[in-house]
């Protein structure tokens, strides 16, 4: 039989969809849609760490991508058996009693607090601190213990608490809150009611303090001490959660008509992009999958018998079934990865662009051409120069905390720093230091897993950075002193979502079978240079000491 599935991956800057042959994992068609409002910077204020997205960007992108992959493929609708959506997270949004986003209502269409609060929004640092303090001191269950023991401002409860404190109108209008992956799944199935919507195990377990051992979400008595609103909100959220190999429903008539698909098309429970990416990257036990884009998410799976009752400190959660049903999913990551390099590019490029735009010697066409050339060549030029620099123990050294630190031990108040600058330090040296810094941050995560008794014997890289930057990947291999395999799949999270869809639709009996059948393999392996490994070991020790110094002088520590 002809069996095809669709994976839809909502990233930070765009949404992409792939239509995949479920019998071999071959991509038949794909489409990408950049978010237009996000690109313009609407509803965002980087100086305040405020990053919001309008759900219209997501809905328009969903429609565009689904229509495009179906039309391009020429596959009959009856043969496309399933869809699964993955998104960034934690990215919650307030909804009314019908499950509609408040941002889609006229009265709230321009209110940033009505938008989806993107994963990288750090406006809730104070609220996260309150949650952590209460969890340790209230005398009851420590609800953060399966979240690595530290709750982050990037996550569900902290963002909600911050929003309702500052915006009374949103507090009064929001009947419930949903994660982005659940919201989009509800749109596709037409099951919008927040009280009956099938909620993602991945999202709930890693970001909302959900755990079976205490019956779901945190106790009302705990939430009440934070804010009475949260205690009443719990009744309008959920108790049960579901893994993404399960069906959330079938495609509703409205979206079947929009896409040209069948109403019998199964829609799987939603998930997060990194966890879907780990599946698309063919995760196995004892392998660490690094999903490398603007940030990183580092994903592992561990069998129940190996992890036992051990709690891994300082990570982003350990959740039963969040990656592979029947195994514990472990998540860590860095708040800034590609973003760190993009920050430096923009730092260099911004002033130059201003000079070009003000130049009286160029016409408008010439200015635009020059800016486009600068945009396209700056990173590649910095990379080419940095690759040629000699490696020394005493080169400039940087910290990768420009967007705070996610793991180990979340602290979004931390800032980046650079030491060892001299009159001989040029842009290439700083760029090299930043590439090393994001690699050192990755090593610190691996060290934490190993300190906590989790075995890592291989690393799999996927995402834009893994595909595009051999300099970053080679540096990372040498810092980690491990080979790194790069997954062949161009859109690994979307492929992983398609694998989930294939199981939910009954094409494959379980996820390991789907991975074996649909995996795209690996197209490159980076091996460490032993001589450079020795130098990086010394530089890593300096990175750790530098980090301890900066952290000790950071406000709030």
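Have a look at 66, 161, 134, 93 and point out the one that is assigned to a helix (DSSP H, G or I), under 30 Å from residue 257 (Cα atoms) and in contact (Cβ under 8 Å) with a residue 40 or more places away in the chain. Steps first, answer last, please.
Numbers: 161 fails: under 30 Å from residue 257 (Cα atoms); 134 fails: under 30 Å from residue 257 (Cα atoms); 93 fails: assigned to a helix (DSSP H, G or I).
One residue alone meets the criteria, 66.
Out of the range 103-124, which residues are farther than 13 Å from residue 174 by Cβ and either at pLDDT below 95 or part of a loop (DSSP other than H, G, I, E, B) (or both)?
Once the filter is applied, which keeps residues that are farther than 13 Å from residue 174 by Cβ and either at pLDDT below 95 or part of a loop (DSSP other than H, G, I, E, B) (or both), the range 103-124 yields 109, 110, 118, 119, 120, 121, 122, 123, 124.
Need the failing condition index for residue 154 against (1) crowded, with 24+ Cβ neighbours inside 10 Å; (2) in a loop (DSSP other than H, G, I, E, B); (3) at pLDDT 95 or above, just the number.
(3)
Given the structure, is residue 156 under 20 Å from residue 125 (Cβ atoms) and either touching a strand residue (DSSP E or B) at 6+ places or on another chain (Cβ under 7 Å) or not assigned by TED's automatic domain parsing to the domain that holds residue 235 (or both)? Write out each step before concluding.
Numbers: under 20 Å from residue 125 (Cβ atoms): yes; either touching a strand residue (DSSP E or B) at 6+ places or on another chain (Cβ under 7 Å) or not assigned by TED's automatic domain parsing to the domain that holds residue 235 (or both): yes.
It is true that residue 156 is under 20 Å from residue 125 (Cβ atoms) and either touching a strand residue (DSSP E or B) at 6+ places or on another chain (Cβ under 7 Å) or not assigned by TED's automatic domain parsing to the domain that holds residue 235 (or both).
Residue by residue through the range 185-236, note down the ones that are in a loop (DSSP other than H, G, I, E, B) and loosely packed, with under 15 Cβ neighbours inside 10 Å.
In the first step, residues of the range 185-236 are kept if they are in a loop (DSSP other than H, G, I, E, B); the result is 190-199, 208-210, 215, 217-219, 227, 235-236.
193, 195, 196, 215, 235, 236, listed by residue number.
Name every residue in the range 433-466 that is surrounded by fewer than 23 Cβ atoms within 10 Å (Cβ to Cβ) and assigned to a strand (DSSP E or B), in order of residue number.
Listed by number, the residues that qualify are 458, 459.
Would you check if residue 38 is free of Cβ contacts under 8 Å to residues at least 60 places away in the same chain, buried (at least 19 other Cβ atoms within 10 Å of the Cβ) and assigned by TED's automatic domain parsing to the domain that holds residue 179? Lay out the reasoning, then the answer.
Numbers: free of Cβ contacts under 8 Å to residues at least 60 places away in the same chain: yes; buried (at least 19 other Cβ atoms within 10 Å of the Cβ): yes; assigned by TED's automatic domain parsing to the domain that holds residue 179: yes.
The answer is yes for residue 38.
The values are calculated or read from the model by the stated rules, or taken from the named source; none is laboratory data. For clarity, every value in this text was computed on a predicted model and none was experimentally measured. Ideal geometry is used to build each Cβ from the backbone, glycine not excepted, and the neighbour counts take in all protein chains shown.
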